[in-house]
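The values are calculated or read from the model by the stated rules, or taken from the named source; none is laboratory data. The shown structure was predicted, so the numbers you read here are calculated from the model rather than taken from an experiment. FYI the Cβ positions are ideal-geometry reconstructions off the backbone, even for glycines, and counts take in every protein chain you see. Side chains included, ligands, DNA and RNA excluded: accessible areas come from the protein's heavy atoms. Shrake-Rupley method; radii C 1.70, N 1.55, O 1.52, S 1.80 Å.
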Amino acid sequence: MKEAEEQLCEAARKGDTERVKALIDSGADVTHFDGEGLNPLMHAAKQGHALVLTLLLSAGAPWNGLSPSGLSAGDYAMQEGHSEAFDLLLNAGIQAELILGTIARKENKSEDSGVDYLEDRVSFSEDKLMDSESKAVMMAWEKPLMEAHAKAVCSGGGHVLNVGFGMGLVDSAIQQYAPASHTIVEAHPEVYQRMLRSGWGQKENVKIVFGRWQDVLSQLETYDGNF
Ligand SMILES: C[S@@+](CC[C@H](N)C(=O)[O-])C[C@H]1O[C@@H](n2cnc3c(N)ncnc32)[C@H](O)[C@@H]1O
């Protein structure tokens, strides 16, 4: 008899909604990673089983867990072209970020102001931007997601705003759509310096606004696409 968690991975892969529900109700751990390093959410995402994803997310499965190759359930859904599954996972991520942001604001935590991070040193490698505690701020595997965002943000053409340059993934993708204007707000001094060194200040349609978006609102306008 396989452990409940192994059964949950299998049921998620097969899209067996009833079995997934029964296993969750009997207490199977939805955060379990199997021998392949995949969790039930990733199995369901790979196969595009949207209903199973909904059950797992409601039971607390983490939308942002990573496989050994650094892929999330959302990456798997996108790789396999399962757009409904991808949208579900993206929305779960957005909701989680909004809720965490609200809690942080209520508790008036420093994460909300971002001041600690903005005063930290950051480091860049080819595929990562990291903070002083070696926590990834942005990673290269997020590129396809950034490209999808750029496509959406530029779909109306015209004037586009991006807050946070990071590794410049979304901004590089936005440039491919040649928007009439492309405003980038960046608050970290080292990220800002790196942008200037790599020529972003010279691009004709690019306007860089240095500072926290909260502090530079008066320098911003109305945009056709915002990221
Ligand atoms: C996750 S990265 C963005 C990655 C970017 N989308 C890309 O494609 O590479 C977040 C960026 O936002 C910047 N940032 C953080 N807080 C900010 C704030 N309050 N206002 C503007 N930029 C901020 C960080 O310095 C960092 O460069």
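Based on the Cβ-Cβ distance from SER58 to ASP116, what FRET efficiency comes out when R0 is 41 Å, to the nearest 0.05? Numbers along the way, then the final one.
On the way: r = 33 Å, r/R0 = 0.81.
Between SER58 and ASP116 the formula returns 0.75.
Once Rh for the chain is found with the Kirkwood sum over Cα pairs, what is the Stokes-Einstein diffusion coefficient at 4 °C and 1.567 mPa s, in µm²/s?
Reported coefficient: 67 µm²/s.
Using Cα positions and a limit of under 24 Å, work out the lysines in reach of LYS143, with same-chain residues fewer than 8 apart set aside.
Candidates past the 8-residue exclusion: LYS46, LYS128, LYS135, LYS151, LYS203, LYS207.
Which of these, GLY101, GLY164, GLY199, has the largest mean-square fluctuation under a Gaussian network model of the chain (Cα springs below 10 Å)?
Its mean-square fluctuation being the largest, the pick is GLY199.
For region 4-96, max minus min Cα coordinate along each principal axis, in Å, sorted largest first?
Principal extents (Cα only, largest first): 29, 24, 23 Å.
Counting just the Cα atoms, what span does region 38-83 cover along each of its three principal axes? Round to the nearest Å and put the largest first.
Over region 38-83, Cα extents along the principal axes are 25, 20, 12 Å.
Helices from the chain with mean Kyte-Doolittle at least 0.5 and a Cα length along the axis of 18 Å or more, per DSSP H: which? Intermediate results must be reported in sequence, preceding the final value.
Working: long enough: 83-106 (34 Å, 0.60).
Membrane-span-like by this criterion, though nothing is claimed about a membrane: 83-106.
Taking the solvent-accessible surface of protein heavy atoms with a 1.4 Å probe, what is the per residue accessible area of region 177-227 in Å²?
On the way: 3030 Å² over 51 residues.
I get 59 Å² per residue for region 177-227.
Provide the net charge surrounding VAL209, with neighbours chosen by a C-beta distance below 12 Å and charges set as Lys +1, Arg +1, Asp -1, Glu -1. Please report the intermediate quantities before stating the final value.
Details: positive: LYS207, ARG212; negative: GLU186, ASP215, GLU221.
Result for the neighbourhood of VAL209: -1.
Counting only protein heavy atoms and using a 1.4 Å probe, what share of the accessible area of region 141-226 belongs to carbon plus sulfur, as a whole percent? Mind showing how you got there, number by number?
Details: 2190 of 4450 Å².
Here carbon and sulfur together make up 49 percent of the probe-accessible area.
Between ILE103 and ASP224, what is the label-point separation in nm under the 7 Å Cα-to-beta-carbon projection?
Going from the ASP224 label point to the ILE103 one covers 3.9 nm.
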